[in-house]
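Structure, as structure tokens:
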Amino acid sequence: MDDPNTLTVTLGELVEKVEERVRSGAYDSASEVVRAGLEALEREERAFDAELKAKVEEALADPRPWL
């Protein structure tokens, strides 16, 4: 039976970057590198969404007529 917390991925050329981070001692394992990357992606997406929402709200609040 598969472990629901385990996922096999193909990194291609990115595997070297993952291994470099582990070798540097910044991370203990490839799993930690991938988790950190996904967490960074989540932060980036949240920041983008917040910025987009702010721009839409700003545009909607603008009293000038729409083009």
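We did not get these values from a lab; they are worked out from the coordinates using the rules stated. This is a predicted model, so every value here is computed, not measured. Methodologically, a virtual Cβ is constructed for each residue, glycine included, from the backbone with ideal geometry; neighbour enumeration extends over all protein chains shown.
What do you reckon, is ARG43 in a helix (DSSP H, G or I) and without any contact (Cβ under 8 Å) to a residue 12 or more places away in the chain? Show your work before the answer.
Working: in a helix (DSSP H, G or I): yes; without any contact (Cβ under 8 Å) to a residue 12 or more places away in the chain: yes.
Yes; evaluated as a whole, the condition is true for this residue.
The one condition from (1) farther than 22 Å from LEU7 by Cα; (2) assigned to a helix (DSSP H, G or I) that VAL22 does not meet is (1).
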